[in-house]
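Structure first, commentary second.
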Amino acid sequence: MSASGGTKAIVAALFANLGIAVTKFIAAFFSGSASMLAEGVHSLADSANQVLLLVGGKRARRAPTAEHPFGYGRSRYVYAFIVAIILFSVGGVFSLYEGVEKLTHPHPLEIPWLPVLVLVIAIILESFSLRTAVRESNHVRGDQSWVQFVRRAKAPELPVVLLEDIAALLGLVFALVGVSLAWITGDVVWDGIGTIMIGVLLIAVAVVLGLEMGSLLVGEGATSADMTRITAAITAGPEVDRIIHAKTLYLGPDELLVAAKVSMAAGTPLAEITQRIDAVESRIREAVPVARVIYLEPAVYQPASAEVDARA
């Protein structure tokens with residue numbers, strides 16, 4: 001993922017959410033709408049999330065240290081996981097609480113046209129934020145479907161912003177429907193129902209984000225397509241007889257570790273082994289540019305030990 005593209009989408013979402021949050025809180029104060037208050041907290045949580053993503057991106061760029069020799073690339077996953085927690089706890093749970101409170105202790109809306117106006121404006125502004133995220137995502141999505149892009153992306157920023165923006169738009173629609181029905185029918189139960197729907201939506205998005213970021217934190221390897229390119233690069237020349245086993249791991253969104261045990265002819269001189277490994281590493285980096293950390297172990301192929309190594 002382009003770092004600049006991810007940052008642009010985050011900044012666009014941040015400014016949109018800050019402006020929207022202020023107007024929502026003002027409308028909630030004057031109208032007494034639970035849906036509007038839930039949406040204000042939602043936008044405030046989203047703003048905090050975007051700040052966290054920016055902080056995570058900055059911390060990920062720190063130079064490797066003795067304590068963290070592979071660098072801090074996974075900081076972006078950590079902060080994206082925190083985003084999921086905030087979206088769940090602050091946004092989702094609060095919205096559910098407000099919705100239930102509205103149903104059990106209903107009070108009439110005041111100035112009902114105000115939240116409706118604010119919600120319509122917020123939908124327009126949020127649409128611009130989503131458009132930016134979609135445009136930046138299309139630069140790196142390729143021929144993947146949107147579901148595949150969210151599930152397979154190794155850089156968390158764009159999928160997180162995409163899901164947040166989609167959740168924000170749907171939440172605004174739920175709030176608009178709830179407030180409008182409460183205004184038209186005079187029954188504030190609709191406002192409470194809209195608030196509960198916002199809470200359920202945010203919790204669902206938070207769970208999806210948490211699962212995806214949790215998988216990246218545990219450690220994911222190269223995609224099947226990249227693994228095929230790596231395998232082809234290793235065996236493309238005469239340097240290696242066969243791959244005994246190979247494993248990969250993303251150290252961060254832009255850095256892939258490749259470790260492989262490769263078979264070479266017995267009695268190959270050390271100087272020639274070094275030249276062969278350098279040649280293979282060069283081909284791997286050309287085939288998969290994010291493969292920046294490569295360890296190749298030369299060995300003589302023995303079927304029995306190869307099976308044990310592959311299981312290790």
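Numbers at a glance
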read-out: For region 37-136: span of alpha carbons on each principal axis (Å, largest first); value: 62, 32, 16
read-out: Difference of contour (0.36 nm per residue) and Cα-Cα distance, VAL200 to ASP278; value: 22.7 nm
read-out: Cα pair distances of region 3-218 binned at 5 Å [whole percent]; value: 1, 8, 16, 18, 18, 13, 10, 7, 4, 2, 1, 1, 0, 0
read-out: Proxy reagent accessibility, fewest Cβ within 10 Å first, across GLU255, GLU272, GLU212; value: GLU272, GLU255, GLU212
read-out: In sequence order, calculated HN-Hα J values of region 244-259 (Karplus, 6.51, -1.76, 1.60; Hz; x Gly/Pro); value: 6, 6, 8, 9, 10, 7, 7, 7, x, x, 10, 9, 10, 8, 10, 10
read-out: Partners for LYS247 among lysines (Cα-Cα distance below 22 Å; same-chain residues under 8 apart left out); value: LYS154, LYS261
read-out: Residue order, fewest to most beta carbons within 10 Å, for HIS107, HIS42; value: HIS107, HIS42
read-out: Rg over Rh [alpha-carbon atoms, Kirkwood Rh] for region 224-311; value: 0.96
read-out: Value of relative contact order over the chain, rounded to a whole percent, pairs C-alpha under 8 Å and six or more apart; value: 20 percent
read-out: Helical segments meeting 24 Å axial Cα length and Kyte-Doolittle 1.0 threshold in the chain (DSSP H); value: 3-31, 157-185, 189-218
read-out: Debye-sum result for region 110-225 in log10 I(q)/I(0), which assumes one identical scatterer on each alpha carbon, at q = 0.10, 0.12, 0.14, 0.21 Å⁻¹; value: -0.40, -0.54, -0.68, -1.11
read-out: Straight-distance crosslink candidates among lysines, where the alpha carbon sits under 23 Å from LYS24 and sequence neighbours closer than 8 are dropped; value: LYS102
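Readers should treat all values here as calculations from the given coordinates under stated rules, not as data from a laboratory. Treat the numbers as computed from the prediction; the structure is a model and nothing was measured. So basically every Cβ, Gly included, is an ideal-geometry build from the backbone, and we count neighbours across all protein chains shown.
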